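All remarks here apply to the structure that follows.
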Amino acid sequence: TISFGVNNRVSGTVYNPTNITVEMYNKQELFNLKIHKIGDEVEGDDINLQNVQFVIGQKIDGSVKYFKLASSTTDMLQATVSYEGNANNATQFKTDSNGEIFIKNLEIYSGIDEKYEYELCETSNLNYGYKNMELSNIEAGGSIEDPVVDAPNKKVRFKAENDENSLVDIQLEITNKQELFNLKIQKVGQKSDGGTENLKDVRFIVKQSGEG
């Protein structure tokens, strides 16, 4: 007789000398992740933000290791993956013309009943008038478990719920508000009689400092 006990162990009793074959099956449990980056324009319209970059990693042995892929595929079953402790050396996943990143076949479990915790971090957004991720504007959908928003460090941590009957899908919708300002320069001249006048045809240059 063969039976399954606690801790996924197999036990049994052999009554006659014979050969016994035990076939054990594990079901692969994976999930797909879709990231959608949206821009909330000052005029009130929503647009898809392209070329926004993210890194994604797994928490391994107490620290986050970020994915570094040897090719351009985002199917983790097809990719050759290594891990980087420094996010600057990791693969930068970039949103397409629809503002989306789609990563397929990520692992749910790291061991028996232990799930991977994933970390998503936005690293670059060079779209005009937008700053990097505003984490207060995140909507999560699908089979997501325990999402944690780390606003100061612009990170989201989460686990995937498992579904033994189907591939799990998770969606993260991240919206940035466009922040712009208007500048008006008025050049005024002081006249010799104490009055003032508006001066035309005066030229200026305007410079930016900082990144971008």
Legend entry - Which listed residue, of ASN162, ASN137, is more than 12 Å from the chain's Cα centre (by Cα) and under 30 Å from LEU126 (Cα atoms): ASN137
Legend entry - Filter result for ASN86 (open to solvent by 60 Å² or more (accessible area, probe 1.4 Å) and either farther than 20 Å from LYS177 by Cβ or at pLDDT 85 or above (or both)): yes
Inset, instruction - Only residues that are closer than 25 Å to ASN48 by Cβ and of a type in the set (A, V, I, L, M, F, W, C): list them for the range 168-212, please. - result: VAL168, ILE170, LEU172, ILE174, LEU180, PHE181
Inset, instruction - State whether the residues of the range 100-118 include one that is open to solvent by 60 Å² or more (accessible area, probe 1.4 Å) and more than 21 Å from GLU29 (Cα to Cα). - result: no
Inset, instruction - Look at the range 25-41 and say how many of its residues are touching a residue at least 12 places away in the same chain (Cβ under 8 Å) and assigned to a loop (DSSP other than H, G, I, E, B). - result: 3
Inset, instruction - Examine the range 126-147 for a residue that is open to solvent by 80 Å² or more (accessible area, probe 1.4 Å) and in contact with a strand residue (DSSP E or B) (Cβ under 6 Å, 6 or more places away or on another chain), and state whether such a residue exists. - result: yes
Inset, instruction - Just one of (1) at pLDDT 85 or above; (2) within 11 Å of the chain's Cα centre (by Cα) trips up ASN127, so point out which. - result: (2)
Inset, instruction - State whether the residues of the range 179-186 include one that is open to solvent by 40 Å² or more (accessible area, probe 1.4 Å), over 22 Å from LYS68 (Cα atoms) and touching a Phe, Trp or Tyr at 6+ places or on another chain (Cβ under 7 Å). - result: yes
Legend entry - Pairs, first under 13 Å from TYR109 (Cα atoms) and touching a residue at least 60 places away in the same chain (Cβ under 8 Å) in the range 147-172, second in a strand (DSSP E or B) and aromatic (Phe, Trp, Tyr), C-beta under 8 Å, six or more apart: ALA160/PHE31; ALA160/TYR118; ASN162/TYR109; VAL168/PHE31
Legend entry - Scan of the range 63-80 for residues that are surrounded by 12 or more Cβ atoms within 10 Å (Cβ to Cβ) and β-branched (Val, Ile, Thr), ordered by number: VAL64, THR73, THR74
Inset, instruction - Filter the range 13-59 down to the residues that are at pLDDT 75 or above and among the aromatic types (Phe, Trp, Tyr), then identify the one that is surrounded by the fewest Cβ atoms within 10 Å (Cβ to Cβ). - result: PHE31
Inset, instruction - For GLU173, indicate whether it is out of contact with any helix residue (DSSP H, G or I) (no Cβ under 9 Å at 6 or more places or on another chain) and open to solvent by 40 Å² or more (accessible area, probe 1.4 Å). - result: no
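The values are calculated or read from the model by the stated rules, or taken from the named source; none is laboratory data. Here the structure is a predicted model, which means the values were calculated and not measured. Cβ coordinates were reconstructed from backbone atoms using ideal geometry, including for glycine residues, and neighbour counts include every protein chain displayed. We work out accessible area using only protein heavy atoms, side chains counted, and drop any ligands, DNA or RNA first. Shrake-Rupley method; radii C 1.70, N 1.55, O 1.52, S 1.80 Å.
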